[in-house]
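Just so it is clear, none of the values below were taken in a lab; they were calculated from the coordinates. As the structure is a computational prediction, the values presented were derived from the model and not from experiment. Note that each Cβ is placed from the backbone with ideal geometry, even for glycine, and that neighbours are counted across all protein chains shown.
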């Protein structure tokens, strides 16, 4: 089976070996206060920061999911309110959830076919301004270079469909959040949260320690290479092994960018299909949305199924007239060649 589903997506084939290694090494039987676990967590974080180019003074934590990170931000980093900037369904879901926890939460919604204009952002006195860097629902991504100008609010960035596939400028944000089931090529079941010193300083000023997943409680444990609750030990081990395997993010990002450019050109020049996103400046490099007539998309999905190729469904209003393609590092070039053959045939 070849899968292009945009999450959970293809797992690195080597993960099957790593899972057996985890059993053989006995790490799955260790408790999360043991020296064996602490050594593994320390090495996992070291490798992860090294391969992703994360600054030495930034902190890495593991959670149950990216969605849990939304909750942690609201509980531990917001005194007044957060402001959410989005152009699609997942960014809006983050806003809706935050609004349930804090009624003063505000938002700016912009057109998904347009490049984000930072001059149109509402100037608020928010504790945190939240962005979705790669909007999986409509296959767009935003440039966040303008964030260098911000000096006061914390910047939180959801990079669930980017982390591990696209090189990120970590200095632009204070809280980065993602899950492992996309560009990191792992099974679903763990989230990643990366925080700047500024974010920790803000958390200390608020002093929230009421919850099992309060950021300060998590931080205190991770400083000892422990976790506040029993973690997904297998996922931590698998992430460590995958980080040993993959090249640095600069190399991965270069390949992903080149492959997305080539595939976009292929759709436009060698098929009768259209790209959902017309503006080249906002097209995602890791999730590609392709549009066609409803009958055409239905036929294509059936042909793909017959050839053991899984395509990602369209999302929301585009459910029946689009499909989405994951361009994640675990997916190989020969699999894209098979997809191209299918698209040309249909």
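Some points to look at:
- Prolate/oblate/rounded call for the stretch 89-148, Cα gyration tensor, a/c under 1.5 rounded: oblate
- Taking 308, 74, 327 in turn, the Gaussian network model of the chain (Cα-Cα springs below 10 Å) assigns the largest fluctuation to 308.
- At R0 = 22 Å, FRET efficiency that the Cβ-Cβ distance of residue 20 and residue 245 yields, to 0.05: 0.90
- Mean separation of Cα contacts under 8 Å, 6 or more apart, over the residue count of the stretch 147-244: relative contact order %: 20 percent
- Taking other C-beta atoms within 10 Å as the exposure proxy, 319, 99 rank 319, 99 from fewest upward.
- CD proxy at 222 nm, helix term only [per DSSP H run n ≥ 4: -39500 (n - 2.57); per residue of the chain; nearest 500]: -12000 deg cm²/dmol
- Rounded, prolate or oblate (a/c below 1.5 giving rounded, otherwise prolate when a/b exceeds b/c) for the stretch 293-346 by Cα gyration tensor: oblate
- Antiparallel %, DSSP beta bridges [both residues in the stretch 94-228], to 5: 45 percent
- Annotation: the residues 32, 84, sorted from fewest to most other C-beta atoms within 10 Å of their own C-beta, follow the order 32, 84.
- FRET efficiency estimate (nearest 0.05) - Cβ-Cβ, residue 35 to residue 171, R0 35 angstrom: 0.55
- Linear extension gain, residue 212 paired with residue 50, 0.36 nm per residue minus alpha-carbon span: 55.4 nm
- Interatomic Cα distance distribution for the stretch 15-245, bins of 5 angstrom, percent: 1, 6, 15, 19, 20, 16, 11, 7, 4, 1, 0, 0
- Beta bridges per DSSP with both ends in the stretch 15-245, % antiparallel, nearest 5: 45 percent
- Spin-label model distance (nm) - residue 152 vs residue 305, 7 Å beyond Cα toward Cβ: 5.4 nm
- D (Stokes-Einstein, µm²/s), Kirkwood Cα radius, the stretch 238-346, 1.002 mPa s at 20 °C: 144 µm²/s
- Placing a pseudo-label 7 Å from each Cα along the Cα-to-Cβ vector at residue 96 and residue 293 gives an inter-label distance of 3.3 nm.
- Just checking the listed ones, 310, 227, 271: in the Gaussian network model of the chain with Cα springs under 10 Å, the one fluctuating most is 271.
- Here the simple spin-label model places points 7 Å from the Cα toward Cβ, and for residue 257 and residue 279 these points are separated by 2.0 nm.
- Residue exposure sequence - 193, 1 - by fewest surrounding Cβ within 10 Å: 1, 193
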